[in-house]
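Chemist: The structure that follows is given in the form of structure tokens.
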Amino acid sequence: MITSTEKLKLIKTGKLSAEQNIKNFLEKIEKDDKKGKKINAFIQLNPNALLEAKEVDNKLKKGKPTGKLAGLAIAIKSNINVKGLNASCASKTLENYKAGYNAEVVEKIRKEDGIIIGMANMDEFACGSSGETSAFGIIKNPASLDRIPGGSSSGSAACVAADFCDISLGSDTGGSIRNPASHCGVVGMKPGYGSVSRYGLIDLSMSLDQIGPIAKSVEDIDLIFNVIKGKDKRDATTRDINDKPRKLDKIVIGAVKVSADKKIQDLIDKKIKEVCKKRGWKTQEVSIEHIDLGIQTYYPICYVEFFSGTRKFDGRRYGKKIEESCGKEVLRRILGGAEICQSEFSDRYYKKALDAKKLLENEFENAFRKVNCIIFPTVPRLPHKFGEKISFEDMYNYDTLTVLANIAEIPAISIPAGLLEGVPVGLQIMCGRGEDLLMLEISKEFE
Ligand code: GLN
């Protein structure tokens with residue numbers, strides 16, 4: 001599969017037209033998204049995609065300057081607003097909700113001549129880790145058709161893995177970009193908190209959410225991250241990141257003990273050894289004392305903030321009343337969130353979780369005083385097969401190793417590390433606050 005960075009060169013030099021690029025993808029989608037392999041990665045395609053591509057070709061023909069994403073096909077998760085397309089969050093609640101404006105990231109992509117090819121399928125309201133909770137049907141894993149693709153940005157990862165687009169955007173609150181990227185064998189990045197504007201994202205949990213890219217290579221991630229990153233006056237949490245060029249000759253990789261399937265851990269350790277040998281980098285053990293508290297910290301925060309955020313879906317302003325139109329997992333979180341944020345319980349759950357968040361943030365910050373990055377598996381186990389019964393606790397435990405970066409507000413990325421039983425396994429790299437670009441540079445060595 002050709003990377004988007006290589007593709008971009010073909011388009012810019014006239015060897016491939018933007019229109020042809022979009023046409024090729026539409027053909028593949030036609031063949032295998034709803035028919036054939038039935039990946040079901042898209043909820044809606046952009047009816048203007050070919051037209052928009054022609055405009056890019058016209059600019060190229062006339063020798064006018066074109067943007068950094070000229071003619072590339074970008075898929076967008078269905079919880080990010082693209083004007084005129086459905087931001088349904090894969091729910092019945094917002095089934096017919098048409099976005100009235102563009103998210104900041106979409107605006108930036110369009111400014112650089114990227115073509116929005118369609119709205120990707122996902123777990124309902126981004127609640128889930130398997131792609132099985134969408135109101136528009138399950139999403140398949142193109143790398144292993146009988147297994148779940150991971151979630152909640154399931155369609156965003158699947159459409160890259162199936163080569164239905166060049167790059168996609170997802171959202172990651174507790175792992176939703178990295179988890180499906182890991183299971184589908186593609187690269188997925190959660191930027192640090194505040195590195196990318198969330199203006200126009202339908203939130204799951206405001207203090208943890210980030211928008212980020214999924215692509216076929218780290219270079220592609222780098223390409224689009226540099227387009228979407230940066231301060232936005234419409235998202236007060238955005239901040240600038242460290243963009244000084246960094247020397248990569250003396251990287252120290254932090255090794256942290258985590259609980260994961262032994263075969264997965266071995267695969268990651270092998271990869272770290274290889275890169276250390278090749279680059280002369282070192283590893284050093286670091287301890288994050290409360291690393292096992294991730295899930296207990298994440299869920300109270302997520303439940304309470306989700307409950308609060310969903311109060312606007314009251315059936316009057318947007319779509320249907322959420323409690324009357326949503327699936328089981330969304331309802332669990334609304335009811336649970338309502339319960340634990342009652343004033344009599346607030347000290348016991350939400351406030352405690354915020355204290356634990358602070359604790360973990362500090363522990364990671366201390367670790368990054370000693371090492372440049374921390375590496376461990378993205379997901380501690382292989383994705384289950386469709387039809388396998390799995391408890392909601394087990395579903396939550398898919399995220400034990402990804403929620404940490406959201407809690408600590410740091411950048412994290414999942415890169416394919418190899419196959420196990422024929423199923424892709426992802427390696428996760430995390431760096432300190434504001435070090436998104438250093439993380440990408442380190443990541444390139446692991447591809
Ligand atoms: N799987 C996690 C959840 O269900 C993370 C979701 C996400 O990152 N959007 O909450």
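The values are calculated or read from the model by the stated rules, or taken from the named source; none is laboratory data. None of these values were measured; they are calculated from a predicted model. Please note: Cβ atoms are built from the backbone with ideal geometry, for glycine as well, and neighbour counts cover all protein chains shown. When the accessible area is computed, the model is the full protein with side chains, heavy atoms only, and any ligands, DNA or RNA have been set aside. Shrake-Rupley method; radii C 1.70, N 1.55, O 1.52, S 1.80 Å.
Chemist: What list of ³J(HN,Hα) couplings, whole Hz, do you get for segment 174-181 from phi and the Karplus terms 6.51, -1.76, 1.60, once you set θ to phi - 60° and write x for glycine and proline?
Modeler: x, x, 5, 8, 5, 4, x, 4
Chemist: Ok, one more. Of E329, E393, which has the most accessible area and how do the rest follow, probe 1.4 Å?
Modeler: The residues order as E393, E329, largest area first.
Chemist: What are the residues whose amide H is under 5 Å from the amide H of N46, where those residues sit 5 or more places off or on another chain and H is modelled from the backbone?
Modeler: G118, M119
Chemist: Can you list residues from other chains, or at least 5 along the same chain, whose modelled amide H is less than 5 Å from the amide H of A417?
Modeler: V425, G426, L427
Chemist: For a test of the definition: using alpha carbon positions, the gyration tensor, and the 1.5 limit on a/c, classify segment 161-265 as rounded, prolate or oblate.
Modeler: Since a/c stays below 1.5, the shape of segment 161-265 is classed as rounded.
Chemist: If I take every Cα pair under 8 Å that is 6 or more residues apart in segment 371-447, average their sequence separation and divide by the length, what percent do I get for the relative contact order?
Modeler: 36 percent
Chemist: Right, something else. Taking all protein chains together and a probe of 1.4 Å, list K273, K320, K357 from the most accessible to the least accessible.
Modeler: The residues order as K273, K320, K357, largest area first.
Chemist: Quick check: the distance between the Cα centres of segment 74-131 and segment 343-417, to the nearest angstrom?
Modeler: With segment 74-131 and segment 343-417 each reduced to a Cα centre, they are spaced 25 Å.
Chemist: Now for a separate question. Counting alpha carbon pairs within less than 8 Å and at least 6 residues apart, what relative contact order, in whole percent, applies to segment 257-404?
Modeler: Details: 116 pairs, mean separation 52.9, N = 148.
Reported relative contact order: 36 percent.
Chemist: Taking θ as phi - 60°, what are the ³J(HN,Hα) couplings along segment 255-264 by the Karplus curve (6.51, -1.76, 1.60), each to the nearest whole Hz, with x for Gly and Pro?
Modeler: For segment 255-264, the Karplus-derived couplings read 9, 10, 6, 10, 8, 8, 3, 4, 5, 5 Hz, x marking Gly and Pro.
Chemist: Nearest 500 deg cm²/dmol is fine: what mean residue ellipticity at 222 nm does the chain get from its DSSP H runs of n ≥ 4 alone, each adding -39,500 (n - 2.57), divided by its residue count?
Modeler: -11000 deg cm²/dmol
Chemist: Moving to a separate point now. Is the C-alpha gyration tensor of segment 350-421 telling us rounded, prolate or oblate? Criteria: a/c under 1.5 is rounded; beyond that, a/b larger than b/c is prolate, otherwise oblate.
Modeler: oblate
Chemist: Moving on to the next point. Specify the residue with the greatest mean-square fluctuation among E323, E388, E19, computed from a Gaussian network of the chain linking alpha-carbon atoms under 10 Å apart.
Modeler: Highest fluctuation of the listed residues: E388.
Chemist: In nm, give the distance between the simple-model label positions of S287 and E6, each being 7 Å from the Cα along the Cα-to-Cβ direction.
Modeler: Placing both labels 7 Å beyond Cα along the Cβ direction yields 4.7 nm.
Chemist: On the full set of protein chains, 1.4 Å probe, figure out the accessible area of D347 and give it in Å² to the nearest 10.
Modeler: Here the residue's solvent-accessible area equals roughly 100 Å².
Chemist: Related question: Taking the Kirkwood radius as the inverse of the mean 1/r across Cα pairs, report the Rg/Rh of the chain.
Modeler: 0.95
Chemist: Still on this structure, I have one more. Calculate one ³J(HN,Hα) per residue across segment 429-441 by plugging θ = phi - 60° into the Karplus curve 6.51 cos²θ - 1.76 cosθ + 1.60, and present them in order as whole Hz with x for glycine and proline.
Modeler: With coefficients 6.51, -1.76 and 1.60, one gets 10, 10, 10, x, 3, x, 9, 4, 6, 4, 4, 5, 5 Hz.
Chemist: OK, next. Taking a temperature of 25 °C and a viscosity of 0.890 mPa s, what whole-number D in µm²/s does Stokes-Einstein yield for segment 204-325 with Rh from Kirkwood over alpha carbon pairs?
Modeler: 127 µm²/s
Chemist: Going 7 Å from the Cα of L335 in the Cα-to-Cβ direction, what parts of segment 97-131 have a backbone nitrogen less than 20 Å from that spot?
Modeler: Within reach of a label on L335, which here means backbone N under 20 Å from a point 7 Å along Cα→Cβ, segment 97-131 contributes 124-129.
Chemist: How much of the accessible area of segment 332-447, in percent, comes from carbon and sulfur atoms when a 1.4 Å probe is used? Each step should come with its number before you reach the end.
Modeler: On the way: 2330 of 4580 Å².
Its accessible area is 51 percent carbon and sulfur atoms.
Chemist: For a quick check, take a GNM of the chain with Cα springs below 10 Å and name the residue from M395, M206, M430 with the largest mean-square fluctuation.
Modeler: The residue that fluctuates most here is M395.
Chemist: If you rank R348, R198, R381 by how much accessible surface each has, with a 1.4 Å probe, what is the order from largest down?
Modeler: Heavy-atom accessible area, descending, gives R348, R381, R198.
Chemist: Quick one: grab Rg to one decimal and Dmax as a whole number for segment 44-91, Cα atoms only, in Å.
Modeler: In Å, with Rg to one decimal and Dmax whole: 13.3, 44.
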